[in-house]
Every structure is written in C-alpha cells, then in structure tokens.
Amino acid sequence: MKCRTCGAKAAVNMRQHKLALCKQHFLDWVPIQTARFIKKYRMFGPEERVLVAVSGGKDSLSLWDILHRLGYQADGLYLGLGIDEGLGYSDESRRLTEQFARQHGLKLHIVDVQATYGYDIPTLSALTHRGQNRPCAVCGVVKRHEMNRIARDLGYDVLATGHNLDDEASVLFGNTLSWQAEFLLRQGPVLPAHDGLARKVKPLCRFYEKEMTAYALLRGIEYIYEECPFSAGSTTIYYKELLNRLENDRPGAKLAFYLKFLEARENGLFRSSLDSSQPMYNCPSCGQPTQYEGKCSFCRMIEKVQPA
Amino acid sequence: MTVKLVLRGKEYEVKPGMTLLDSLKKIDVLPESVIAVRDGEMILEDEILKDGDVVKLVAVISGGAQ
Ligand code: SF4
Ligand SMILES: [Zn+2]
Ligand SMILES: [Zn+2]
C-alpha cells in the first residue's frame, strides 16, 4: 500500500476513509483533522485556556501533543488515583505523564486523591460499598468531580479529554441497548459550560483507537501500555470488540454509527427528554450542579467516609 | 521455518509466505484491534511475512468504565 500524498510505502491504512498514508503524512494529517473538528464542533478558540485531562495513556498524551503542536494554550491535569494492585499502575502512569510534560516544557497540575481526601480510589470504593469488586463507579464520580473542581478553581475555559471514536461508539452502543434517552441527549463532542463548570470537549472523538495508537507510536510518545488492572473484563472492552468485529466486515460502520447518531440528535430525536436532562440543583457543599436536591454524590461519599 | 507473532507476551507461530491479514486470521486476532510492528516499523495487512520475521502486535483497545 502506498501513501496517497507522496507514493512512499504507507504506514497507516484507514479503510473507513479509503486513505493510506506514510509516517510523515499521517503525522501531518492528524493535527489538521483535529483542528478541523475543533472548529466544526466549536470546541474552543486560540484565546481560550484549555485544561487537558491526562492519564498517561496513549489518547490523552497524544491529545496534549496535538494541541501543543497546533499552538493552543493547553495545560495538563493528572489525577493520582492510587491504583497499584501490585503493578504500580498509578505510579507508572504518573511518571510517564510527568516525563512527557518535562520533555515538552508543558505545565502539569497534579492532584493526588489520597493526599486530598485521605483515601485512594480502591479504599474509597471499599469503604462506600459501591460497585461490587470494581472501583470504577467511585473512580468515575471522583474523576468527574475533581476535573470540574480544578478547571473551575484555576479558571480554565475548557476541559478536554482524550476520548476517541471507539470510546464514544462503545458508550453510545451501551446507552442504545438500554435506550438511556437522557444520556444519549448529553453525549457528544461538546458539553456546554454551565453553572460555573467549564465546557467539556473531546477533540479526538472522530479518530479510531487504532489511529491514536499509531499516532502515539509514530510520534515516539511513551505511554502506559498496561491497562488499569480493574478494566479487565469491562463492558466497555466487550462492546469495543463487538464493534470492531462489525468494522472488520463493514469498514466505516463504527464511524457511521457515531456520526449518524450525532445527526439524529441534532435533528431532535431525543429532544423530548431535554427538560429532565439538565441538572436542576447545586450541591450546597461544593457548588457543582446535581440532578437531585441536597449534596452531590461525590460530597455524600466523602462525608460517609470521614471519621465522625 | 516460521514467522513469530507476539501479542501481550504470548507467542504464536504461522507459516511464512502469508500476508499479515491472513496470519492474523489464522491466530484469530481482529486486524482492527492491533497494530503490527516488524523491526521497529509499522506494517500493513498486505505485507507478506517472511521466514524468521518476528512481528510485535500492539493491542489498541483500552478502557474501563468511563
Ligand atoms: S478501569 Fe475503573 S478503576 Fe481503573 S481507571 Fe478506569 S474507571 Fe478507574
Ligand atoms: Zn507520504
Ligand atoms: Zn458536592
């Protein structure tokens, strides 16, 4: 296979675009596309301050790299979750994130959950008896709350995450299987700012996970290859595999599933549930919006584990 | 006379002379879920694998609950 731009041997083949590119032209192509998506979905402008949630994984480090190459003002936020499981997962992902920031001269904020709230994620999860053997439910609540809090406290306009198309398509698939209209209505490349929370954007939402891996490898980005030990056997991975089987037989099916969803949403397919989708209260403790009256789920959890 | 494919520490052997695509089919790995690297270079599905080739398969899927 040959590069469409220069005819040299191709390094990447994207069947959904009928496009093969060599290393150099692929590394040029990714930021150009990202800039196009940022404009198309009105994610942010060059004058806005962007906080990138970085985990040490291929997607978030690549996102940071791309935004930096495009000249945006993008700082990083790393959340220390305290996940070890004998593998040193959090330590290693933090080391790789700090290394990347140092190599590129980028500003990185680090928040350690245990240092801030007294417990790491697995302990918080055990203490609150949520989510059976997997701390993912607690982890999700904490990550969302902390990202919102830091973006607000430090005055960032935008919070950017490294979700790729496979992430988005698998969440969409899950929400469609159970027809979660409120979730479907809120899923998209941009979640507008409201109630003092920064706008949330996903600039990589149209790149396949395979492309993001290729980008990280070809750019020589050192990312954490081993998964979070709690992700093994997760539904997300299962859905991604199912969608890849579909993609394998019908190139472009994954992308069409997501893009046609965005179009249908734009056309009002889920609009009737609009009213119930907006959080209507503010947490009296931290001020973040919540669906129900009283403290938000994060503050209730922290309260529960505080010694009386 | 073999080609070695390595995925997450596991080794698979296939016959030389096949394309990467056919080799992946043989070992039941979806091409969409891996990137193949030989001698530090990414190779595509139409690449013919030769005797003695060692191909590293980089898994691309990640993720727990969001
Ligand atoms: S797999 Fe679960 S515990 Fe691990 S980082 Fe993801 S949400 Fe957190
Ligand atoms: Zn080229
Ligand atoms: Zn709260």
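Kindly report the accessible area of the stretch A:91-210 per residue (heavy atoms of protein chains, probe 1.4 Å, no ligands, DNA or RNA), in Å².
Averaged over the residues of the stretch A:91-210, the accessible area is 43 Å².
Any chance you could get the radius of gyration and Dmax over the Cα atoms of the stretch B:3-59, in Å?
Cα-based Rg and Dmax for the stretch B:3-59 come out at 9.6, 24 Å.
For the stretch A:218-228, in order, what is each residue's ³J(HN,Hα) by Karplus, 6.51 cos²θ - 1.76 cosθ + 1.60 with θ = phi - 60°, in whole Hz (x at glycine and Pro)?
5, 7, x, 7, 7, 10, 7, 8, 5, 6, 4
Quick one: compute a quarter of the convex hull surface over the Cα atoms of the protein assembly as shown and quote it in nm².
19.6
So the label point goes 7 Å from the Cα of A:Arg186 along Cα→C-beta, right? Which residues of the stretch A:138-176 then have their backbone N under 12 Å from it?
Of the residues in the stretch A:138-176, A:141, A:144-145 have backbone N under 12 Å from the label point off A:Arg186.
Based on Cα positions only, what radius of gyration and what Dmax would you give for the stretch A:197-260, in angstroms?
Cα only, the stretch A:197-260: 14.2, 41 Å (Rg, Dmax).
In square nanometres and to one decimal, what's the mean projected area of the convex hull around the Cα atoms of the stretch A:63-172?
Projected over every direction and averaged, the Cα hull of the stretch A:63-172 covers 8.3 nm².
Note the full-extension length gain between B:Asp28 and B:Glu41 as 0.36 nm times their separation in residues minus their Cα-Cα distance, in nm to one decimal.
Taking B:Asp28 through B:Glu41 to full extension adds about 2.4 nm, to one decimal.
Roughly how many debye, to the nearest 20, is the charge dipole of the stretch A:44-230 about its Cα centre, given +1 on each Lys and Arg Cβ, -1 on each Asp and Glu Cβ, and no other charges?
So the magnitude is around 360 debye.
For the stretch A:44-230, what's the relative contact order in percent, using C-alpha pairs closer than 8 Å and at least 6 residues apart?
29 percent.
For the stretch A:163-220, place one equal point scatterer on every Cα, skip the solvent, and apply the Debye formula. What is log10 of I(q)/I(0) at q = 0.12, 0.13, 0.28, 0.29 Å⁻¹?
Reported log10 I(q)/I(0), two decimals: -0.38, -0.44, -1.08, -1.10.
In the protein assembly as shown, what percentage of the DSSP-assigned beta bridges are antiparallel, given to the nearest 5?
That works out to approximately 55 percent antiparallel.
Restricting to the stretch A:44-230, compute how many DSSP beta bridges are antiparallel as a %, nearest 5.
About 15 percent, rounded to the nearest 5.
Going by a 1.4 Å probe on protein heavy atoms, which residues of the stretch A:179-215 end up with at least 50 Å² less accessible surface in the whole assembly than in their chain alone?
A:Lys210
Once you place label points 7 Å from the Cα toward the Cβ at A:Glu226 and A:Arg4, how far apart are they in nm?
4.0
Round to the nearest 0.05 the FRET efficiency obtained for A:Gln114 and B:Thr19 when R0 = 45 Å and r is the Cβ-Cβ distance.
0.35
Report, by chain and number, residues whose modeled amide H sits under 5 Å from the one on A:Ile224, excluding near sequence neighbours (fewer than 5 apart, same chain).
Correct list: A:Gly57, A:Lys58.
For the protein assembly as shown, which whole percent of the accessible surface, found with a 1.4 angstrom probe, sits on carbon and sulfur atoms?
About 51 percent, which is the carbon plus sulfur part of the accessible surface.
Find the Cα radius of gyration of the stretch A:44-230, compare it with 2.2 N^0.38 Å by division, and give the number to two decimals.
1.02
Note the full-extension length gain between A:Glu85 and A:Thr176 as 0.36 nm times their separation in residues minus their Cα-Cα distance, in nm to one decimal.
29.4 nm
Would you please report the Å³ per residue occupied by the convex hull of the alpha carbon atoms in the stretch A:182-308?
That works out to 180 Å³ per residue.
Given a 1.4 Å probe and heavy atoms of the protein chains only, how would you sort A:Glu146, B:Glu47, A:Glu293, largest accessible area at the top?
So, going from the largest accessible area down, we get A:Glu293, B:Glu47, A:Glu146.
Starting from the residue with the highest accessible area, list A:Met301, A:Met1 in decreasing order, probe 1.4 Å.
A:Met1, A:Met301
Using only the alpha carbons of the stretch A:1-41, what is the convex hull's orientation-averaged projected area in square nanometres?
It is 2.9 nm².
Report the per residue volume, in Å³, of the convex hull enclosing the C-alpha atoms of the stretch A:93-140.
84
May I ask which of A:Lys23/A:Lys200; B:Lys25/B:Lys50; A:Lys40/A:Lys200; A:Lys18/B:Lys25; A:Lys200/A:Lys295; A:Lys58/A:Lys240 have a Cα-Cα span longer than 20 Å here?
Flagged as over cut-off: A:Lys23/A:Lys200; A:Lys18/B:Lys25; A:Lys200/A:Lys295.
Just grab the label-to-label distance for A:Met280 and B:Ala59, each label 7 Å out from Cα along the Cβ direction, in nm (one decimal).
In this crude label model, A:Met280 to B:Ala59 measures out at 4.4 nm.
Does anything in the stretch A:109-128 have its amide N under 12 Å from the 7 Å Cα→Cβ label point of A:Asp153, and if so which residues?
Correct set: A:110-113, A:115-117.
Mind checking the per residue accessible area of the stretch B:3-59 for me, 1.4 Å probe, whole number of Å²?
For the stretch B:3-59, the solvent-accessible area averages 52 Å² per residue.
Total accessible area buried between chains A and B, 1.4 Å probe, in Å² to the nearest 100?
The A and B chains share an interface burying roughly 2500 Å².
Compute the FRET efficiency between A:Arg245 and A:Gln99 as 1/(1 + (r/R0)^6), taking r as their Cβ-Cβ distance and R0 = 35 Å, and round to the nearest 0.05.
Here the calculated transfer efficiency is 0.45.
Using only Cα atoms and rounding to the nearest 10 degrees, what angle (0 to 90) does helix A:89-104 make with the longest principal axis of chain A?
60
The values are calculated or read from the model by the stated rules, or taken from the named source; none is laboratory data. The model shown is predicted, which means the values in this text are computed figures rather than measured ones. Note that we place each Cβ from the backbone using ideal geometry, even for glycine, and neighbour counts take in every protein chain shown. Remember, those area values only see protein heavy atoms, side chains included, never the ligands or the DNA or RNA. Shrake-Rupley method; radii C 1.70, N 1.55, O 1.52, S 1.80 Å.
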